[in-house]
Amino acid sequence: SAAEKGGYDHFMLKEIHEQPKAISDTLTGRISEDGTKVVFDELNFPEGFAKDIDRIHILACGTSWHAGMVGKYAIEKLTRIPVDCEIASEYRYRDPIVSKNTLLIAITQSGETADTLAALRQAKEQGTRVLAITNVVGSSAAREADDVIFTWAGPEISVASTKAYTTQLTALYLFAGWLAQERGAAGAAEVPAMLTALRDMPAHAETVLETAPAIQAFAKDWSSREHAFFIGRGLDYEVSLEGSLKLKEISYMHAEAYPAGELKHGTLALIVEDIPVIALVTQDDLYEKTISNIQEVKARDAFVLALAWSGDTEIGKTVDQVIHIPKVSAFLAPILAVIPLQLLAYYASVARGNDVDNPRNLAKSVTVE
Ligand code: G6P
């Protein structure tokens, strides 16, 4: 009903707008009073385990897998522990290398995805310690894992996941920071500043939501196309994966996410006049490189919509249209950068007359393998 949707036309739009609060709720109680330390009272690692972990495997499906890709980056950066992030249905069948010092992290919004649960159970049988990051208290993942970090996104109804992703990212940044502090890793020095920035994130997310009218106009003009590309480098590529999945799921447009530097090794053959390319440009260290990749697609007359920091006055010289988001560290950019991409998928789906909340062939939670 309209009341359940809180005045929004669809659950997805409501859930997109709930992200500032969902992020804030996921942070609550997990930062020390002085703002410098991550607090995870819910974690019950055995004595010494946090220091002994020498390998981390992240497993998930769909949007949760994309969150895991950012998590890999965050954990490696802050702790220097090698992390693999894999699709749960693939992981199970490839005889992964694990030891008693491996930590397995299963990310699942619902806590009921069969592929993820099967991988979690297999890991437990092998004696690997399992941490679940889930949104549902009492779910199978929450009950069966050794440790649980809850995302406090609240119920997510729309099949296309939005606030679950941004709260999974929030939980993963916190966990990366916690682990760095527990281990006394060099990266621990960066954690207090990260926590300050995370606390500002809900307010920044509100600002990003103000891009909705511009995104809606873009979606109206471009959603009659059959193909779209999302490009970016580093963390911008991980976010591109999620933007592309969102668009496919609910607009049924064919979309591909590509590391911008890899285009020239094949995909550039598909870039022709007026192909919409969404370019993410938040990774400061890769700025010049990304611009030159964008120039490669502009030279083929693609239409480029860039997602860039506010204050970036350079980017407009290269691309056709720019969506600006508030400047935060490149490390935390994914939490904000995904929001315009969620809005793009939403408005494209609406423009194409689709059933936004219940896309064809898809289920909110897939409980068969
Ligand atoms: C389904 C949903 C996706 C979701 C995936 C994993 O395919 O349609 O939106 O990302 O399952 O769900 P989970 O609950 O495990 O995060």
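The values are calculated or read from the model by the stated rules, or taken from the named source; none is laboratory data. Owing to the predicted nature of the structure, the values given are computational and were not obtained by experimental measurement. Cβ placement follows ideal geometry from the backbone for every residue including glycine, while neighbour counts extend to all protein chains displayed.
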**OP:** Could you please let me know if Leu209 is crowded, with 24+ Cβ neighbours inside 10 Å, within 30 Å of Gln321 (Cβ to Cβ), of a type in the set (A, V, I, L, M, F, W, C) and out of contact with any Phe, Trp or Tyr (no Cβ under 8 Å at 6 or more places or on another chain)?
**Re:** no
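Residues checked against (1) over 18 Å from the mean Cα position of the chain (by Cα); (2) farther than 22 Å from Thr170 by Cα; (3) surrounded by 23 or more Cβ atoms within 10 Å (Cβ to Cβ):
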| site | (1), (2), (3) |
| --- | --- |
| Glu314 | yes, yes, no |
| Lys317 | yes, yes, no |
| Val328 | no, no, no |
| Val338 | no, no, yes |
| Gln342 | no, no, yes |
| Ser349 | yes, yes, yes |
| Val356 | yes, yes, yes |
| Pro359 | yes, yes, no |
Original post:
Residues in the range 112-136 that are of a type outside the set (Ser, Thr, Tyr) and either within 18 Å of Ile53 (Cβ to Cβ) or touching a Lys or Arg at 6+ places or on another chain (Cβ under 8 Å) (or both): how many?
Top reply: 14
Subject >> Residues that are over 24 Å from Ser251 (Cα atoms) and part of a helix (DSSP H, G or I), drawn from the range 294-350 >> reply: Ile294, Gln295, Glu296, Lys298, Ile315, Gly316, Lys317, Ala330, Phe331, Leu332, Ala333
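Where in the range 1-87 are there helices (runs of 4 or more DSSP H), lying fully within it, with 2 or more residues that are in contact (Cβ under 8 Å) with a residue 60 or more places away in the chain, within 16 Å of the ligand (Cβ to nearest atom) and under 20 Å from the mean Cα position of the chain (by Cα)?
The qualifying helices (runs of 4 or more DSSP H) are 11-17, 19-27, 62-79.
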**OP:** Find all pairs meeting these conditions: Cβ atoms under 8 angstrom apart; at least six residues apart or on different chains; first residue within the range 122-135 and away from the ligand (no atom under 16 Å from the Cβ); second residue aliphatic (A, V, I, L, M).
**Re:** Lys124/Val130; Gln126/Val98; Thr128/Val98; Thr128/Leu103; Thr128/Leu104; Arg129/Leu103; Arg129/Leu104
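Yes or no: Ala197 under 18 Å from the mean Cα position of the chain (by Cα) and either in a helix (DSSP H, G or I) or within 17 Å of Pro334 (Cβ to Cβ) (or both)? Quick ask: steps written out before the conclusion?
Working: under 18 Å from the mean Cα position of the chain (by Cα): yes; either in a helix (DSSP H, G or I) or within 17 Å of Pro334 (Cβ to Cβ) (or both): yes.
Yes.
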Original post:
Inside the range 136-155, can you point out the residues that are in a helix (DSSP H, G or I), more than 10 Å from the ligand (Cβ to nearest atom) and of a type in the set (A, V, I, L, M)?
Top reply: Ala142
**OP:** Read through the list (1) among the hydroxyl-bearing types (Ser, Thr, Tyr); (2) in contact with a His (Cβ under 8 Å, 6 or more places away or on another chain); (3) farther than 17 Å from Leu59 by Cβ; (4) more than 13 Å from the ligand (Cβ to nearest atom), then give the number of the only condition that Thr102 fails.
**Re:** (3)
**OP:** May I ask you to list the residues in the range 78-97 that are more than 17 Å from Asp54 (Cβ to Cβ) and surrounded by fewer than 15 Cβ atoms within 10 Å (Cβ to Cβ)?
**Re:** Glu90, Tyr93, Arg94, Asp95
Original post:
Among Leu198, Leu247, which is the only one that is closer than 21 Å to Thr151 by Cα and modelled with pLDDT of 95 or more?
Top reply: Leu198
Subject >> Tabulated pairs, the range 337-364, first more than 11 Å from Gln216 (Cα to Cα), second more than 16 Å from the ligand (Cβ to nearest atom), C-beta under 6 angstrom, 6+ apart or interchain >> reply: Ala337/Leu280; Ala337/Thr282; Ala337/Leu307; Ile339/Val208; Arg352/Ser223
**OP:** Answer yes if at least one residue in the range 107-121 is within 18 Å of the chain's Cα centre (by Cα), within 10 Å of the ligand (Cβ to nearest atom) and in a helix (DSSP H, G or I), and no otherwise.
**Re:** yes
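The rows are residues; the columns are (1) surrounded by 20 or more Cβ atoms within 10 Å (Cβ to Cβ); (2) within 16 Å of the ligand (Cβ to nearest atom).
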site	(1), (2)
Ile157	no, yes
Lys163	yes, yes
Thr167	yes, yes
Thr170	yes, yes
Arg183	no, no
Pro192	no, no
Thr196	no, no
Asp200	no, no
